[in-house]
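First up is the structure itself, then whatever we jot down about it.
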Amino acid sequence: MSVFDEAVRALREWQHDDQPFQLHPGDLGWYRRFGAKSAEDAVRVWRADGEIVAVGLLDGADLLRFTIAPERRQDAELAARLADDVCTPERGVLPSGTVYVESPRGTRFQELMFARGWQSDVPWTPLRLDLGAQLLDPDVSIDVIGHDQADVHAGVIRASFEKSTFTEERWHAMAVGSPYAEARSLVALERGVAVAAIVVWSAGPGRPGLIEPMGVHRDHRGKGFGTAITIAGAAALRELGSSSAIVCTPSSNAGAVATYRAAGFTALPEVHDQRRDQYC
Ligand SMILES: CC(C)(COP(=O)(O)OP(=O)(O)OC[C@H]1O[C@@H](n2cnc3c(N)ncnc32)[C@H](O)[C@@H]1OP(=O)(O)O)[C@@H](O)C(=O)NCCC(=O)NCCS
């Protein structure tokens, strides 16, 4: 089994509704759009006694998105080992200069990083929807995207995010990755035209499922399509057995936060990446 697939398996097991927001198998699944080799190269795992105890995703050159096995989060020895690796550029986890680490709140690792001079970066808002409760009605026509409509889905995502490089080819690369076995791509249609798109990622029955990404074509905003595609994504996650739908967006993205709330999500306390401007 590849390290990527091993990491996905570990992350899947660590998802629980009572855990703080953390790296999800869907994050690796979405990264898989860059191809098998890039995804394998971007994943870091730490092991103890042969077991994976921490997983990181290098999401760009300067950001490590990272989580630790729930039962190991207060382990001081592991925290020191992880912090040493993350803080030492020669170990090949993060380069020197300004870098960012996303990790779940409340761990010994985070405490240690603050003690070593890392700072809180800008706030992000996690949001959550309990899928045991009644969902709103999306009230628009929704298509589930298969291989033959990858271009439609990718086109809407490109028209939603200014810097998106998503393409039909990247959709296919994403869809052959192991996490996509439990994912769905949807689009919302207005008179037959695709106007909004989402990918939702289950982590297995009874576990939280992730939204990544969700967007509305820039020519079709302000008409409720963001709310509608989010509700449709949540319904797809419920069909896949997820206990909740989760998402995290920069708090500065007021439109996204408002849209998730309109779809029934509740905002959780803000979270922050940790940033280092110099060596720690
Ligand atoms: C955020 C986004 C999805 C909103 O799509 P939309 O179709 O315009 O959203 P809706 O029409 O369903 O609006 C839902 C709510 O959000 C509010 N809203 C939408 N855009 C807003 C903005 N820029 N600022 C403040 N509120 C906004 C609406 O007023 C509405 O609130 P209400 O229910 O209280 O009336 C869209 O702007 C987009 O695709 N942005 C770029 C991609 C992105 O940021 N995706 C989310 C990343 S996690």
Q: Name, by its number, the condition in (1) within 16 Å of the ligand (Cβ to nearest atom); (2) more than 24 Å from LEU23 (Cβ to Cβ) that does not hold for GLU169.
A: (1)
Q: Please work out which residue is nearest to ARG105 (Cα to Cα), limiting yourself to region 264-280 and to residues that are within 16 Å of the ligand (Cβ to nearest atom) and out of contact with any Pro (no Cβ under 9 Å at 6 or more places or on another chain).
A: ASP273
Q | Given (1) loosely packed, with under 14 Cβ neighbours inside 10 Å; (2) out of contact with any helix residue (DSSP H, G or I) (no Cβ under 8 Å at 6 or more places or on another chain), number of the condition SER2 does not satisfy | A | (2)
Q: Please go through region 214-231 and pick out each residue that is over 17 Å from THR249 (Cα atoms) and either without any contact (Cβ under 8 Å) to a residue 12 or more places away in the chain or within 6 Å of the ligand (Cβ to nearest atom) (or both).
A: ARG221, GLY222, LYS223, GLY224, PHE225
Q: Considering only residues that are among the hydroxyl-bearing types (Ser, Thr, Tyr) and more than 13 Å from ALA76 (Cα to Cα), look in region 97-112 and name the one that is surrounded by the fewest Cβ atoms within 10 Å (Cβ to Cβ).
A: THR98
Q: Scan region 232-263 residue by residue and report those that are touching a residue at least 24 places away in the same chain (Cβ under 8 Å), within 14 Å of the ligand (Cβ to nearest atom) and either over 17 Å from the mean Cα position of the chain (by Cα) or not assigned by TED's automatic domain parsing to the domain that holds ILE198 (or both).
A: ALA232, SER252, GLY255, THR259, ARG261, ALA262, ALA263
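Here's the yes/no breakdown for (1) at pLDDT 95 or above; (2) among the β-branched types (Val, Ile, Thr); (3) not in a strand (DSSP E or B):
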| site | (1), (2), (3) |
| --- | --- |
| MET1 | no, no, yes |
| GLU6 | yes, no, yes |
| ARG9 | yes, no, yes |
| GLU13 | yes, no, yes |
| ASP17 | yes, no, yes |
| ASP27 | yes, no, yes |
| TYR31 | yes, no, yes |
| SER38 | yes, no, yes |
| ARG47 | yes, no, no |
Q) Which of (1) in contact with a strand residue (DSSP E or B) (Cβ under 7 Å, 6 or more places away or on another chain); (2) not in a loop (DSSP other than H, G, I, E, B) is the odd one out, the single condition ASP219 does not satisfy? A) (1)
Q.
Can you confirm whether ALA196 is assigned by TED's automatic domain parsing to the domain that holds ASP139, buried (at least 19 other Cβ atoms within 10 Å of the Cβ), free of Cβ contacts under 8 Å to residues at least 60 places away in the same chain and near the ligand (Cβ under 7 Å from one of its atoms)?
A. yes
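The values are calculated or read from the model by the stated rules, or taken from the named source; none is laboratory data. Computed from a predicted structure; not experimentally measured. Cβ: placed from backbone, ideal geometry, glycine included. Neighbour counts: every protein chain shown.
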